[in-house]
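All remarks here apply to the structure that follows.
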Amino acid sequence: MDLCNLSVIRELMGEAGITFRKDYGQNFLINRMIPEEIADNCTDNSESMILEIGPGIGCLTKELALRYKKVVAVEIDRGLIPILSKTLGEFDNVTVINADIMKTDIVKLVEEYSDGMPVSVCANLPYYITTPILMYLLESGVKFNSITVMVQNEVAARLTAKAGSADYGAITAVLGYYGEARRLFKVSAGCFTPAPKVDSAVVRIDLYTKKRYEPRDERFFRNLIKAAFEMRRKTLVNAITAKYPTIDKEKLRSSIISIGHTENVRGERLSTEDFVKLSDALTQN
Ligand code: SAM
């Protein structure tokens, strides 16, 4: 069964008595090469367990099941579950869970299903909740090998931006703490049904196996990034002191200079490493 064929999708959904749910960000792939390409490139280890978020009717799930040891797919839409039992019935290495990923205890899920295998994430993410899902995965504490996601083109640009560029934002700086993101390929809006308004791209994040940065106060480090980008147009000094009025401006200025920037720099010029250094300089006794 070609799960990327429009008539097949319509027939399966018709039989189940359901239609596309916009509130769940349902844009299903209708170009078979895309799920194949994503599955081929999401990790280098075929002995992995893959956590998929939002399998839809299972087009990507099937390609993952053919390539990797185990697939656990979490789908929020109850209406899709009977379809998934049908489309994935032939695979004994796939488990479908009907749940909201944002309410799922990922540590527990991985413990329960991974059997010590390396774990990677692969998903064509619902666009309405892309960044919260990514942050939820990164902050879960699970040591994923990689996270490969289809996201809107502009989000892909943000995730893979270099410090100082227009696309660089808080999510880029935070992401740099966990791993390295690279854009794999672009996917045009016409490859989905219903077609979204904008094109998409697939991004793969390879997580550091060993922590690259160890800020003295991780919470402060994160808040510093947040503060720097909340008021993007302000200089870093003004953005940070607006959020932390107790920080001494002079100390802040000299700390910024000590990490190699000028005192009037804006936050968007600081790399993840710079934010770690600045956070450490400001939390030094
Ligand atoms: N994987 C399919 C494909 O590539 O054609 C469907 C991708 S579609 C963009 C996003 C999928 O995520 C939908 O099946 C939707 O129901 C599901 N979804 C949306 N929000 C979710 C959530 N919070 N937790 C789990 N699944 C979710």
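The values are calculated or read from the model by the stated rules, or taken from the named source; none is laboratory data. For clarity, every value in this text was computed on a predicted model and none was experimentally measured. Ideal geometry is used to build each Cβ from the backbone, glycine not excepted, and the neighbour counts take in all protein chains shown. For accessibility, only protein heavy atoms count, side chains too; no ligands or nucleic acids. Shrake-Rupley method; radii C 1.70, N 1.55, O 1.52, S 1.80 Å.
Go through Lys62/Lys197; Lys143/Lys197; Lys86/Lys108 and tell me which ones have a Cα-Cα distance over 29 Å in this structure. Walk me through the numbers before you get to the answer.
On the way: Lys62/Lys197 27 Å; Lys143/Lys197 34 Å; Lys86/Lys108 27 Å.
Distance filter (> 29 Å) returns Lys143/Lys197.
Nearest-5 percent of antiparallel DSSP beta bridges in the chain? Counting only bridges with both partners in the chain, antiparallel ones make up about 50 percent.
Inter-label distance, Arg78 to Met1: 2.2 nm, where each label sits 7 Å from its Cα along the C-beta direction.
Between the alpha-carbon centres of the range 236-281 and the range 24-96 there is a gap of 44 Å. Taking label points 7 Å from Cα along the Cα-to-Cβ direction, Lys197 and Thr209 give a separation of 4.4 nm.
Set the Förster radius R0 to 41 Å, insert the Cβ-Cβ distance between Arg269 and Phe91 as r into 1/(1 + (r/R0)^6), and round the FRET efficiency to 0.05. Numbers along the way, then the final one.
Values: r = 48 Å, r/R0 = 1.18.
With R0 = 41 Å, the Cβ-Cβ based efficiency is 0.25.
Per atom type, the range 184-285 shows carbon and sulfur on 46% of its accessible surface, probed at 1.4 Å. Amide H contacts for Ala99 (H built 1.01 Å from N in the peptide plane; partners 5 or more residues away or on another chain; cut-off under 5 Å): Glu75, Ile76.
Based on Cβ point charges of +1 for Lys and Arg and -1 for Asp and Glu, what charge dipole magnitude is obtained for the chain about its Cα centre, in debye rounded to the nearest 20?
On the way: 37 positive and 37 negative charges, 233 e Å.
Rounded to the nearest 20 debye, it is 1120 debye.
Listed as lacking a disulfide-compatible partner in the chain: Cys4, Cys59, Cys191, by the criterion of no other cysteine Cβ under 4.7 Å.
May I ask you to give the solvent-accessible area per residue for the chain, in square angstrom, as obtained with a 1.4 angstrom probe? Spell out each step's value before the answer.
Values: 13750 Å² over 285 residues.
Spelled out: the 1.4 Å probe surface of the chain, per residue, equals 48 Å².
Summarising the label geometry, the points placed 7 Å from Cα in the beta-carbon direction at Ala281 and Asp44 lie 3.6 nm from one another.
What FRET efficiency do you get for Glu111 and Lys249 if R0 is 35 Å and r is their Cβ-Cβ distance, rounded to the nearest 0.05? Don't skip to the end; give the middle numbers.
Values: r = 47 Å, r/R0 = 1.35.
Taking R0 as 35 Å, the efficiency between Glu111 and Lys249 is 0.15.
Taking the protein heavy atoms of the range 16-119 in the context of the full set of protein chains, the accessible area attributed to carbon and sulfur is 46 percent at 1.4 Å. With the cut-off at under 13 Å, measuring from each backbone N in the range 259-283 to a point 7 Å along the Cα-to-Cβ line of Arg232 picks out 267-269.
With a cut-off of 11 Å between beta carbons, the residues surrounding Ile53 carry a summed charge of -3, where Lys and Arg count +1 and Asp and Glu -1. Close amide H contacts of Phe185 (hydrogens built in the peptide plane, cut-off under 5 Å, sequence separation of 5 or more or a different chain): Val202. With K and R counted +1 and D and E -1, the other residues having a Cβ less than 14 Å from that of Ala166 yield a net charge of +3.
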